[in-house]
Amino acid sequence: MSACTTCGACCASFRVDFSVEEREDHGGTVPEGLCVEVTERICRMRGTDHQPVRCAALTGKIGTQVACGIYEWRSSPCREFEEGSQACHKARMRHNLPALN
Ligand code: SF4
Ligand code: SF4
């Protein structure tokens, strides 16, 4: 079973940037209200450049129980992020969670 539903560390560690074409108002899926504009071509998940970092779509408590409020509609960087990768370990370390085996 995936550790992600009791983690969420990556959604509260990194900037999540993607092409505006992934946004709903540009024919994509990500709701525009959850995005902030970076450039004309690039947007970012709201909250992922805040301090502390936390994506506005994330619900629940990091390290306990979490969910992505737009799971079906999330952007490509969210889809491509790999559980158990180096970046995953880094995110979990930031939140004092042990690396996955
Ligand atoms: S940091 Fe790793 S284990 Fe935690 S939610 Fe992200 S991919 Fe899943
Ligand atoms: S959109 Fe969902 S998967 Fe992507 S960073 Fe936000 S909460 Fe995590």
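So is Leu58 within 13 Å of ligand 1 (Cβ to nearest atom) and either more than 30 Å from Leu100 (Cα to Cα) or of a type in the set (A, V, I, L, M) (or both) or not? Against the criterion (within 13 Å of ligand 1 (Cβ to nearest atom) and either more than 30 Å from Leu100 (Cα to Cα) or of a type in the set (A, V, I, L, M) (or both)), Leu58 qualifies. With the condition kept exactly as written, say whether any residue in region 35-45 is surrounded by 14 or more Cβ atoms within 10 Å (Cβ to Cβ) and within 16 Å of ligand 1 (Cβ to nearest atom). Yes, region 35-45 has at least one match.
Here Gly63, Gly28 are screened, and the one residue that is at positive phi and touching a helix residue (DSSP H, G or I) at 6+ places or on another chain (Cβ under 8 Å) is Gly63. Criterion first (in contact (Cβ under 8 Å) with a residue 40 or more places away in the chain, of a type in the set (Ser, Thr, Tyr) and touching a helix residue (DSSP H, G or I) at 6+ places or on another chain (Cβ under 6 Å)) does Ser2 satisfy it? Criteria not met by Ser2. Criterion first (surrounded by fewer than 17 Cβ atoms within 10 Å (Cβ to Cβ) and either touching a residue at least 60 places away in the same chain (Cβ under 8 Å) or in a helix (DSSP H, G or I) (or both)) does Asp25 satisfy it? Judged against the criteria, Asp25 is a match.
Scanning region 10-31 for residues that are within 15 Å of ligand 1 (Cβ to nearest atom) and touching a His at 6+ places or on another chain (Cβ under 8 Å) returns Ala12, Ser13. Is it the case that some residue within region 37-50 is of a type in the set (D, E, K, R), near ligand 2 (Cβ under 10 Å from one of its atoms), under 17 Å from Arg15 (Cα atoms) and in contact with a Leu (Cβ under 9 Å, 6 or more places away or on another chain)? Yes, because at least one residue in region 37-50 is of a type in the set (D, E, K, R), near ligand 2 (Cβ under 10 Å from one of its atoms), under 17 Å from Arg15 (Cα atoms) and in contact with a Leu (Cβ under 9 Å, 6 or more places away or on another chain). Tallying residues that are aliphatic (A, V, I, L, M), within 13 Å of ligand 2 (Cβ to nearest atom) and either closer than 18 Å to Ser19 by Cα or free of Cβ contacts under 8 Å to residues at least 12 places away in the same chain (or both) within region 57-94 yields 2. No other residue among Gln65, Gln51, Gln86 is away from ligand 1 (no atom under 14 Å from the Cβ), over 25 Å from Asp25 (Cβ atoms) and more than 14 Å from the chain's Cα centre (by Cα) apart from Gln51.
Read-outs: derived from the displayed coordinates by stated rules, not from any lab. Note that this is a predicted model, so its numbers are computed, not measured. Methodologically, a virtual Cβ is constructed for each residue, glycine included, from the backbone with ideal geometry; neighbour enumeration extends over all protein chains shown.
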